[in-house]
Amino acid sequence: MVTRQELFEQYQAAIVSTQDPDLGWTDPALLCMRRAQSAVVLTAWNPGFDRPGAQANRERNRMLGQRLEDAGFEAWPADGADPDGSFAEEGFLVWGMPIDQACALAGEFGQFAVFAYDSEGVRSVVPC
C-alpha cells in the first residue's frame, strides 16, 4: 500500500497543465505570470487512498466542477500526470480561489492536497 508520504512525493513530481480557452493546454505557472493572478488546481479523482475507477472519478469530478460553477469561480479543465505519462487525473484550475476555501472543498471530496500557484507562477503542494 502507498503511504501518505509517497503520495505527496508523487504530487511534487506531477506535471500539471490546464486548458486555456485561447492557448490550449499549457503550464498553469505561465498563465499565472501572464495574468499576474494566483490559482489553485484541485480534483475529485482518487480520494485519499481509494481508487474508484474512471467512471466514478469522472462523475465525482463533474460534481466538483458543478460546485465551482455554482460558486461563481472561473475554472478551467486541468490535468495532473505522472512525469512518465503513465497516469493522469482530471481536475480544474480555479482562478483566485483562496487556499483555505480550496482545501475545504478538496477535503469534501476526500483529497489530501491541492496545487497552489502564486501570481509569479510559483507552485506548491498544499496539504489539506
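Since every read-out is calculated from the coordinates, none of them should be taken as a lab result. The structure presented is a predicted model; accordingly, all values stated were derived computationally and were not measured. For neighbour counting, all protein chains shown are included, and Cβ atoms are generated from backbone atoms with ideal geometry for every residue, glycine included.
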³J(HN,Hα), Karplus 6.51/-1.76/1.60, whole Hz, each residue of the stretch 19-36, x for Gly, Pro: 9, 6, x, 9, 9, x, 6, 7, 6, x, 4, 5, 5, 4, 5, 4, 8, 6
Spin-label proximity, residue 100 to the stretch 35-72 - amide N less than 13 Å from point 7 Å beyond Cα toward beta carbon: none
Euclidean distance between Cα centres, the stretch 105-127 to the stretch 26-49, Å: 8 Å
Per-residue [θ]222 nm for the chain (sum of -39500 (n - 2.57) over DSSP H runs n ≥ 4, rounded to 500): -10500 deg cm²/dmol
Distance between modelled label sites at residue 2 and residue 118, nm, 7 Å Cα→Cβ extension: 2.8 nm
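Starting with the highest mean, order 106-119, 72-85, 1-14 by the number of other Cβ atoms within 10 Å, averaged over the residues of each peptide. Provide the component values of the computation, followed by the final result.
Numbers: 106-119: 18.8, 72-85: 15.0, 1-14: 12.1.
In descending order of packing, they fall as 106-119, 72-85, 1-14.
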